[in-house]
Structures are given as structure tokens and as C-alpha cells.
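Values in this text are rule-based calculations from the coordinates and carry no lab data. Please read all numbers here as calculations on a predicted model, not as lab measurements. Because the Cβ atoms are built from the backbone with ideal geometry, glycine has one as well, and the counts that use them run over all protein chains shown.
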Amino acid sequence: MNNFADETLIEVASGNGGNGCIAFRREKFVPHGGPSGGDGGRGGNVVFIVKNNLRTLSHLRYQQKFKAENGHDGEGSERFGRNGADIVVPVPPGAVLKEDATGKIIHDFGKSQDSFLFLKGGNGGWGNVHFKSSVNQAPRKALSGKSGETVRLRVELQIIADIGFVGFPNAGKSSLLDRFTNARPKIAAYPFTTKIPNLGVMRFDDRDVILADIPGLIEGAAGGAGLGIRFLKHIARTTALAFLIDLSDERYIDAFDILKAELSGFSSALLKKKRVIIGTKLDTEGAAERLIELKRRYNNEEVTGISVFSGEGIKELGEEFIRLAVNNCAQTEKTA
């Protein structure tokens, strides 16, 4: 994930249609053979397809131009030209295709996990066999193939996960991801250790839950401050949010309100997601009392406390993640 890429520009082009052929039958004992020019082949299409093994757009930074094959020209003896081969562009789940010039969304792979035919190749031109008539037995006319299309696209990635971790830098998000999964994110005792989103799969009671650790937010993130703004979009697709509050931080009591304000500044829809507040570092001095204060202040929210190092509260939190993921899936299916 060191080459993490969540935005890139590419140029895609469908193939041109092949030209129709002007030809005539040349057979022994047939001195005035009729037209026999075949049609040109169709140009190749541009097709996008989701690959579940992809997690970033880095492969599109190395190859930014994708051109489908042109259709082949028609030939004599009414032989049609071969169709051009399609060009297939692989993208990860959660990719969004936008027009570069306008920003208009063309296709969202977060809603459709399949292939998408974007540009059709140009039609092949007719050979002169189509132009024979009672008044023109030997037409010397054929059509050129239609041109393909070329479009410049912006491809963006919005990570798909069940639970997205939200919190200030050094709140314990990476440690929690490491505890639940095999993601092995970088962990250290200084802010902004996480500079890219990390994904992990939590296996709990025979169910997989995808967890996403997003780089830490600071006040003003929604306005462009810190590292968080670039990755706020990645929690837009999560089905639920986990707000991690560092109980050893003096700002612990106001942290949830600050984080909510940043999310609201980016998109008010984020505050409508199911959520849980997690007080972290419960093993530190005074943390138990602070957790009580946190629960008292937010008595209408789901608040729990954990210690990654001692394991306190981890089992209960795993069960809560399952509940959030299952409830959101059921709600989505019911709505659909």
C-alpha cells in the first residue's frame, strides 16, 4: 500500500470501424462478375471491470492510455473484416468514473459490482456488395468505417468497508485494526503514523467484517487542514462509523463533538450512519473514570471502552461491530 493511489486521470478510446471493400468477382467463364467487397469489422469497445484483488488505482498511473483495436477492413469474395478486440480496464471495488472536464459521474462501481461497457467501437463500413442495383450492376462505392470515441476520465476510489474508524491522530485506530485483523498497519507513538487508508478483515463468529483505518483528523480537516481531508471521502461508503476517543488525551470529553463537526462539514450524510463511540487506552491512569464521564455526557449514544494491550472490552466491541454490520446490511436489503 506504499503506492496508494485514490485518484488518477486516464484517456480511453474505442476502436475505429474497418473500411468497406470495393471488389468484383473474378471467375473463369464469368466475364462480368458482380460486386464482392465485404464489410469492415466493428471497432473494439472500452470495457471497465471490477477486480476484487485490486485495492488502489496505482496500476492506472503506470498506464494512462487505453486504446481498443480498430476493426479490420473488408476484403473481396464478400469476406468481412475481423472485429477489433475490446480493451478491458480493471478497477477496484468502489471506483467512480467521472468526466474530467465537468466532474459528472459516469459510473459508480460502489453500487454495481460488475463490468461496464463505456464506449462502443465504430461500426464497420459497407462493402460495395451492398450497393448493387438494377441500374448499377458494378458499383464502385464503399463506406469508410465510423471513428471510435476518445474520452478523458478522472477515476476516483472510495473504499468500501463495513466499519470506518474515525479519530484524532494517535487515538489508537491502527492498533485496533492490528488487534482485530492481519492488516499490520504501521504503529508508533507519534501523530500521523497512518498516511494512507488501511483495510483489514475481522473474522468474528464465522462472519467477515471489513474494517477501514482512515488517517487521523484534526480540527479544520473538512476545510483542508491536515491529512484527513483527502481521505474523508473513503468513509462515505462505510456502513457504520467507529469514533475512537483517546481517554489519555485532555480533549477527550469534546473529541466526539469536534469529530462530528468535521464530518458534517464534509458531508452531513455521514452523521446519519450507525455509529459507536470507543474510549481507547483504558489501561492508562484515570481512563476508567473518564470513560464514565464520556458515557454520562453522551448517554444517548453507544459508548464502550477498550484496551488493545490488556484486551479489556475487545470481545464486546467485536460483537458490536458484527451487530452494526449485520443491521446495516439488513436495512440496505430491505430498502433495495
Original post:
For the stretch 300-308, in order, what is each residue's ³J(HN,Hα) by Karplus, 6.51 cos²θ - 1.76 cosθ + 1.60 with θ = phi - 60°, in whole Hz (x at glycine and Pro)?
Top reply: 9, 10, 7, 10, 9, x, 9, 10, 5
Original post:
With θ set to phi - 60° and the Karplus curve 6.51 cos²θ - 1.76 cosθ + 1.60, what are the ³J(HN,Hα) couplings of the stretch 12-23 in order, to the nearest whole Hz, using x for Gly and Pro?
Top reply: 10, 9, 7, x, 6, x, x, 7, x, 10, 9, 8
Subject >> Prolate/oblate/rounded call for the stretch 1-158, Cα gyration tensor, a/c under 1.5 rounded >> reply: prolate
Original post:
Exactly which trypsin sites (Lys or Arg not before Pro) in the stretch 83-124 are in a DSSP loop and have at most 16 other Cβ atoms within 10 Å?
Top reply: Lys104, Lys111
Subject >> Whole-Hz ³J(HN,Hα) from phi, Karplus 6.51 cos²θ - 1.76 cosθ + 1.60, for the stretch 243-259, glycine and proline x >> reply: 8, 9, 10, 6, 6, 8, 8, 4, 8, 4, 6, 9, 4, 4, 5, 5, 5
**OP:** Determine the distance separating the Cα centre of the stretch 62-78 from the Cα centre of the stretch 109-150; give it in Å without decimals.
**Re:** 12 Å
Original post:
Hey, quick one: spin label on Ala85, modelled 7 Å out along Cα-Cβ, who in the stretch 118-149 has an amide N within reach, i.e. under 20 Å?
Top reply: 118-124, 148-149
**OP:** May I ask which of Lys173/Lys273; Lys98/Lys146; Lys65/Lys273; Lys272/Lys315; Lys173/Lys272 have a Cα-Cα span longer than 30 Å here?
**Re:** Lys65/Lys273
**OP:** Run down the aspartates and glutamates and flag those whose C-alpha is under 13 Å from the C-alpha of Lys104, throwing out any fewer than 8 positions away in its chain.
**Re:** Glu156
Original post:
Amide H to amide H, which residues 5 or more places from Val308 or on other chains are under 5 Å from it, using H placed in the peptide plane?
Top reply: Lys281, Leu282
**OP:** Name the residues whose placed amide hydrogens come within less than 5 Å of the amide hydrogen of Arg79, ignoring near sequence neighbours (fewer than 5 apart) on the same chain.
**Re:** Gly38
Original post:
Amide H of Gly148: which non-local residues (sequence gap of 5 or more, or other chain) have their own amide H closer than 5 Å, using H built in the peptide plane?
Top reply: Asn16, Gly17, Gly122
